[in-house]
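The values are calculated or read from the model by the stated rules, or taken from the named source; none is laboratory data. Since the model is a prediction, treat every value here as computed from it, not as a measurement. Here the Cβ positions follow ideal geometry from the backbone for every residue, glycine too, while neighbour counts run over all protein chains shown. Ligands, DNA and RNA are stripped out before the accessible areas are found, and what is left, the full protein with its side chains, is counted by its heavy atoms. Shrake-Rupley method; radii C 1.70, N 1.55, O 1.52, S 1.80 Å.
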Amino acid sequence: MLLLRCPLPLLLLLQLPLGSRPQKLPTRDEELFQMQIRDKAFFHDSSVIPDGAEISSYLFRDTPKRYFFVVEEDNTPLAVTVTPCDAPLEWKLSVQELPEEASGEGSGDPEPLEQQKQQITNEEGTELFSYKGNDVEYFVSSSSPSGLYQLDLLSTEKDTHFKVYATTTPESDQPYPELPYDPRIDVTSLGRTTVTLAWKPSPTASLLRQPIQYCIVINKEHNFKSLCAVEAKLSSDDAFMMAPKPGLDFSPFDFAHFGFPVDTNSGKERGFLKSSKFGRQTSPKPRVDLHKVCIGNKNIFTVSDLKPDTQYYFDMFAVNTDTNMSTAYVGTFARTKEEAKQKTVELKDGKVTDVFIKRKGTKFLRFAPVSSHQKVTFSVHSCLDAVQIQVRRDGKLLLSQSVEGVRQFQLRGKAKAKYLIRLKGSKKGASMLKILATTRPNKQSFPSLPEDTRIKAFDKLRTCSSVTVAWLGTQERNKFCIYKREVDDNYNEEQKKREQNQCLGPDTRKKSEKVLCKYFHSQNIQKAVTTETIRGLQPGKSYLLDVYVIGHGGHSVKYQSKLVKTRKFC
């Protein structure tokens, strides 16, 4: 029984008034210690460090704090660990001799308590170790003298949390996970949005078979020395140990965390509590760009969803899940790869350009008219799903819209202007489109389309060998071609959707599938509708019908396909 484990007797020694009976320094009651150590709150705001248990506490800036413990026998192993959380600390460990039990007269009677107390508090101890910084630092001795040990701590930067652990059995305790002989984190793979990390397992897990899990911390600012520092950064209002106000009654837990409402009106009372005393207001802090993920006992992990060309800092902590105490590996940092620089496609005035975009991909195009112009027209034909288009003139955003089917945009021109077009693909899949840029308003390669590009079939006009359909046109005279293709009875909408590439023209169809071509238009848009009866079909068969409208420049646009079926019996 070497390090004082029972805090109450020593507190009595240091704090109670003089008694009438002579006393001596107490010894440890192991049974009482085991009962008290199960309740960690027992040691909060106490000046005694228990043997073999980590304590958490709080320092106000420029306000020193002192802790005590007793080593009763010479040649005792001793280890003290101090963990700063969110600010550097200055700390010092010193030792004083224990008061003699025999009085100066040699009577053998213990000295009065007041005399012992004065000896403890007034004598200057021998300094054993001191440190200043924010590293997790240790004092370790295989043979320490008996005496009263003092640990003095000070934070000169700001109010801060810290942790202290002391033991006289460091060889057997080993509460902190042990690091491997090479404690570095290796970056094994680097991408634009991913980084793969690997590290050697802790011997505490691989050899001692203790429950260890690894926690990875990712941020853009700096590496962290301890998990305590990470948690302090993550939590803007720590529920475990709130920062108390000097001069007020202090409980390690804020009343609000036990369901007591916090009243912001300091002039009112709620029951026996005054909000001016206990209801602390905290200003919201900005969101911390810091992420912690615990991954079990794996020793390789890929961090994903990172930003390209960005530097990230990675820290790894081995955590003993039984004691919740941790050890930091040597952190590392890495910069993700840049986005692949895309080649900008040059658009020529009045020429149609085919563009393919990967799923969620982006393409850039450039249009630089060689002559002065008053207006510029962009015609876009999205073959599959909708695409996003942005147009900038000399860096100024002129247009940002979603395009489905055929759309035309006319923008005001400017002498010697250059246009940058950004196209972003669909989230559903790859995108295909045709785009035309021109400074000549009458140069239109794509045909105009009605708002509704569906083909309507008339059920009552169905026969065993024919179907009648209709579709809308426009005020512009265009050529329309209709094609048919026999399909299986189990042909469904999903298969039809996969074939809805509007950019595939009649030239991709078999001649045997062609029904007819014709021109039509109407000055009255309400009457711009045409019907056609398709004959020579087989009874009870299914057919896929397609209508193509062909513009003056020869480019075609396909209407939405229509699945029809002839009658089986007539």
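What chymotrypsin sites (Phe, Trp or Tyr not before Pro) does segment 139-203 have in DSSP loop regions with at most 10 other beta carbons within 10 Å? Could the numbers behind the result be given before it?
Working: sites: Phe139, Tyr149, Phe162, Tyr165, Tyr181, Trp199; in loops: Tyr181, Trp199.
Of the chymotrypsin sites (Phe, Trp or Tyr not before Pro), the ones in loops of segment 139-203 whose Cβ has at most 10 other Cβ atoms within 10 Å are Tyr181.
Please work out the ratio of the alpha-carbon Rg of segment 294-399 to 2.2 N^0.38 Å and round it to two decimals. Please report the intermediate quantities before stating the final value.
Numbers: Rg = 24.1 Å, N = 106, 2.2 N^0.38 = 12.9 Å.
Relative to the 2.2 N^0.38 Å estimate, segment 294-399 comes out at 1.86.
Which percent of the accessible area of segment 455-565 is formed by carbon and sulfur heavy atoms (probe 1.4 angstrom)? Please report the intermediate quantities before stating the final value.
Details: 2840 of 6210 Å².
The value for segment 455-565 is 46 percent carbon and sulfur by accessible area.
Can you give me the distance in nm between label points at Asn524 and Asp507, each placed 7 Å from the Cα along the Cα-to-Cβ direction?
3.9 nm
Counting only heavy atoms of protein chains, what accessible area per residue, in Å², does segment 455-565 have with a probe of 1.4 Å? Each step should come with its number before you reach the end.
Numbers: 6210 Å² over 111 residues.
Each residue of segment 455-565 exposes 56 Å² on average to a 1.4 Å probe.
Enumerate the calculated ³J(HN,Hα) couplings along segment 378-395 in order (Karplus 6.51 cos²θ - 1.76 cosθ + 1.60, θ = phi - 60°), each rounded to whole Hz, writing x wherever the residue is Gly or Pro.
10, 10, 10, 10, 7, 6, 10, 7, 5, 10, 9, 10, 10, 10, 10, 10, 6, x
Enumerate the amide H contacts of Val48 below 5 Å, restricted to partners 5 or more residues apart or on another chain; note that Pro and chain-start residues carry no placed amide H.
Sorted by chain and number, the residues that satisfy this are Phe68.
By average Cβ neighbour count within 10 Å, what is the ranking of 425-432, 312-319 from highest down? Kindly include the intermediate steps, with their values, before the conclusion.
Numbers: 425-432: 16.4, 312-319: 21.6.
Ranked from most to least packed, the peptides come out as 312-319, 425-432.
Where the centre of each part is set by its Cα atoms, how far does segment 46-102 sit from segment 450-472, in angstrom?
So the two Cα centres are separated by 90 Å.
So what are the ³J(HN,Hα) numbers for segment 84-92, from phi and the Karplus equation (6.51, -1.76, 1.60; θ = phi - 60°), rounded to whole Hz, Gly and Pro as x?
Rounded to whole hertz, the list is x, 9, 10, 7, x, 10, 10, 9, 9.
Return one whole number: the accessible area per residue of segment 345-438 in Å², for a 1.4 Å probe. Mind dumping the intermediate values first?
On the way: 5050 Å² over 94 residues.
Roughly 54 Å² per residue, with all protein chains present.
How large, in Å, is segment 345-438 by the Kirkwood hydrodynamic radius built from its alpha-carbon pairs?
On the way: mean 1/r = 0.0757 Å⁻¹.
Computed over Cα pairs of segment 345-438, the Kirkwood hydrodynamic radius comes out at 13.2 Å.
Along each of its three principal axes, how wide is the spread of alpha-carbon positions in segment 455-565, in whole angstrom units, largest first?
Taking max minus min along each principal axis of the Cα atoms, segment 455-565 gives 39, 29, 25 Å.
Pull up all non-local amide H partners of Asn134: gap of 5 or more, or a different chain, and H-to-H distance under 5 Å with H placed in the peptide plane.
The list, which skips near neighbours in sequence, is Leu89.
Give me, ordered by chain and number, the residues 5 or more places off Asn478 or on other chains with an amide H under 5 Å from its own placed amide H.
When sequence neighbours closer than 5 places are left aside, the close amide H contacts are Phe520.
What list of ³J(HN,Hα) values in whole Hz, one per residue of segment 62-78 in order, does the Karplus curve 6.51 cos²θ - 1.76 cosθ + 1.60 (θ = phi - 60°) give from phi, with Gly and Pro shown as x?
Values per residue, Gly and Pro as x: 6, 10, x, 9, 10, 10, 10, 7, 10, 10, 8, 10, 5, 6, 9, x, 8 Hz.
Pairwise over distinct Cα atoms, reciprocal of the mean inverse distance: report the Kirkwood radius of segment 384-435 in Å, one decimal place. Kindly include the intermediate steps, with their values, before the conclusion.
On the way: mean 1/r = 0.0827 Å⁻¹.
After inverting the pairwise mean of 1/r, the radius is 12.1 Å.
With charges set only on the Cβ (+1 for Lys and Arg, -1 for Asp and Glu), what does the dipole of segment 455-565 come to about its Cα centre, in debye to the nearest 20?
Magnitude of the dipole: close to 280 debye.
Over 27 Å between C-alpha atoms is what I'm after, so list which of Lys343/Lys427; Lys341/Lys427; Lys460/Lys518; Lys292/Lys358; Lys158/Lys307 land there.
Lys292/Lys358; Lys158/Lys307
Carbon and sulfur atoms: what percent of the 1.4 Å accessible area of segment 345-438 do they account for? Before the final figure, lay out the partial values.
On the way: 2420 of 5050 Å².
Of the solvent-accessible surface of segment 345-438, carbon and sulfur hold 48 percent.
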